[in-house]
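Remarks on the structure that follows.
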Amino acid sequence: MRTLFFTMLLLCVQFQSAVSNPHPFYMGEPISVIFDTDMGNDIDDAMALDMLYKYMDKRKVNLLAIMNNKQSDYSTRFIDMMSTWYGYPKIPIGRIQNGVFINDYVDYSKNMVDYNGDKKIYRSSVKNYDKLLESHELYRKVLAKQKDSSVVIISVGFSTNLKRLLESGPDRYSSLSGKELVAKKVKYISIMAGSFGEQKRAEFNVINDRPAAQYVTAHWPTGIVLSPFEVGKSVVYPSATISTDFNWTANHPLVDAYKRYRPFPYDRPTWDLTSVYYPVEQRDNLLDVSKPGVLTVDDKGFTHFEERGNGKHYVLSVSSDNAKRLKDYFVNLIKEKPKKYSK
């Protein structure tokens with residue numbers, strides 16, 4: 001009888017856990033994260049990175065590395081400025097060569113490097129950016145040292161680095177191929193990409209390196225959780241908080257970058273923030289998760305999703321009520337003082 005009682009109790013606990021925790025890849029905290037970004041194209045990358053530093057402060061995340069997937073030395077330099085200012089100068093940064101080059105957008109990372117100039121408002125930690133490892137090589141170096149199935153990759157830009165990682169071969173860091181290394185070390189990838197709205201679009205992160213996006217969705221060996229264009233668009237970050245909530249310091253890299261991206265004031269969708277939020281806030285997540293399925297990218301850059309019981313891909317969505325709550329969550333988190341400045 002006692003055995004039956006404890007068996008029923010265990011089943012009840014497991015059921016309640018499943019109901020309160022619909023996350024298909026629940027891992028507990030802290031989680032080990034690699035962040036892959038096209039820093040400089042849109043301010044949401046900087047806001048997403050701010051969130052990761054705050055999660056580091058709270059010991060919810062162990063940020064293993066930051067990968068740049070945009071062809072720009074300014075991007076890596078700005079990432080270095082941010083990491084140093086937030087108190088995490090030792091997080092390794094990966095650079096990219098022969099990657100996607102965007103020349104028709106305002107690059108706030110360049111504007112920030114120029115703004116810093118001789119004033120030296122923000123310090124840097126990297127002595128020679130040319131000696132940084134390329135991102136796909138840094139991926140291999142970092143992943144090889146991690147426990148099996150322990151890493152979440154958060155990708156909020158182009159899939160170039162991910163494709164190069166999958167195609168990489170054995171090296172001094174691991175005898176495994178890139179695909180084998182990912183299958184062994186990565187739990188899943190949280191990625192901002194694609195569009196599934198009534199007015200479909202070839203979304204920016206996909207269309208700018210469509211072959212890489214096609215390759216990654218077809219060959220990625222572990223789970224993919226995709227936050228599409230419509231989710232971030234429905235959660236809009238208000239510029240009013242930039243004006244009022246950071247007056248405790250004369251210079252803040254996120255605030256300065258925000259004001260050097262577009263004519264201020266302006267509100268901005270939170271595309272990249274949603275892909276950071278989802279894997280970290282696993283217990284009380286405000287985002288809804290689809291049933292499992294399979295993602296594909298066609299030759300025009302449109303993203304498709306088909307539900308399949310044996311699929312390893314998931315698509316996020318958000319209700320209108322939760323979009324409002326999520327906006328408040330982002331505002332409250334981002335306006336917090338970093339731990340370095342709270343003493």
### Query
Would segment 218-228 turn up any residue that is part of a helix (DSSP H, G or I) and either surrounded by fewer than 24 Cβ atoms within 10 Å (Cβ to Cβ) or not hydrophobic (A, V, I, L, M, F, W, C) (or both)?
yes
### Query
For Val61, are the conditions met, namely being crowded, with 24+ Cβ neighbours inside 10 Å and either more than 22 Å from Val126 (Cα to Cα) or at pLDDT below 95 (or both)?
yes
## Note on the structure
If we keep only residues of segment 66-86 that are closer than 14 Å to Val126 by Cα and touching a residue at least 60 places away in the same chain (Cβ under 8 Å), then the residue surrounded by the most Cβ atoms within 10 Å (Cβ to Cβ) is Phe78
### Task
For segment 272-284, state whether one or more residues are out of contact with any helix residue (DSSP H, G or I) (no Cβ under 8 Å at 6 or more places or on another chain) and part of a strand (DSSP E or B).
no
### Task
For Ala46, indicate whether it is assigned to a helix (DSSP H, G or I), small (Gly, Ala, Ser) and modelled with pLDDT of 95 or more.
yes
### Message
Can you report the number of residues in segment 39-50 which are within 11 Å of Ile334 (Cβ to Cβ), crowded, with 24+ Cβ neighbours inside 10 Å and either hydrophobic (A, V, I, L, M, F, W, C) or more than 12 Å from the chain's Cα centre (by Cα) (or both)?
### Response
3
### Task
Give just the number: which of (1) polar (S, T, N, Q); (2) in contact with an Asp or Glu (Cβ under 9 Å, 6 or more places away or on another chain); (3) free of Cβ contacts under 8 Å to residues at least 60 places away in the same chain; (4) closer than 26 Å to Gln97 by Cα does Ser239 not satisfy?
(4)
### The one condition in (1) free of Cβ contacts under 8 Å to residues at least 40 places away in the same chain; (2) over 19 Å from Leu49 (Cβ atoms) that Lys179 fails to fulfil
(1)
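Can you work out which of the residues in segment 60-83 that are more than 17 Å from the chain's Cα centre (by Cα) and assigned to a loop (DSSP other than H, G, I, E, B) is farthest from Leu254 (Cα to Cα)?
The residue in question is Gln71.
If you scan segment 286-343, which residues turn out to be touching a His at 6+ places or on another chain (Cβ under 8 Å) and surrounded by 13 or more Cβ atoms within 10 Å (Cβ to Cβ)?
Correct list: Val289, Pro292, Gly293, Val294, Leu295, Thr296, Val297, Phe305.
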### Task
Would you point out the residue of segment 289-330, among those that are touching a Leu at 6+ places or on another chain (Cβ under 9 Å) and of a type in the set (Phe, Trp, Tyr), that is farthest from Pro238 (Cα to Cα)?
Phe305
### Query
Where residues in segment 185-214 are out of contact with any Asp or Glu (no Cβ under 9 Å at 6 or more places or on another chain) and of a type in the set (Lys, Arg), which of them is surrounded by the fewest Cβ atoms within 10 Å (Cβ to Cβ)?
Lys200
## Note on the structure
Filter segment 251-303 for residues that are of a type in the set (Ser, Thr, Tyr) and farther than 21 Å from Met56 by Cα; the one that is farthest from the chain's Cα centre (by Cα) is Tyr266
### Task
Only residues that are over 22 Å from the mean Cα position of the chain (by Cα) and on the phi > 0 side of the Ramachandran plot: list them for segment 99-157, please.
Gly117, Lys120
### Query
Take the residues of segment 230-253 that are among the aliphatic types (A, V, I, L, M) and surrounded by fewer than 20 Cβ atoms within 10 Å (Cβ to Cβ): which is nearest to Ser195 (Cα to Cα)?
Val236
### Query
Would a scan of segment 261-269 turn up a residue that is surrounded by fewer than 14 Cβ atoms within 10 Å (Cβ to Cβ), in a loop (DSSP other than H, G, I, E, B), in contact with a Gly (Cβ under 8 Å, 6 or more places away or on another chain) and modelled with pLDDT of 95 or more?
no
## Note on the structure
The lone condition Val182 fails out of (1) hydrophobic (A, V, I, L, M, F, W, C); (2) surrounded by fewer than 24 Cβ atoms within 10 Å (Cβ to Cβ); (3) under 19 Å from Pro211 (Cβ atoms) is (2)
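The values are calculated or read from the model by the stated rules, or taken from the named source; none is laboratory data. Owing to the predicted nature of the structure, the values given are computational and were not obtained by experimental measurement. Because the Cβ atoms are built from the backbone with ideal geometry, glycine has one as well, and the counts that use them run over all protein chains shown.
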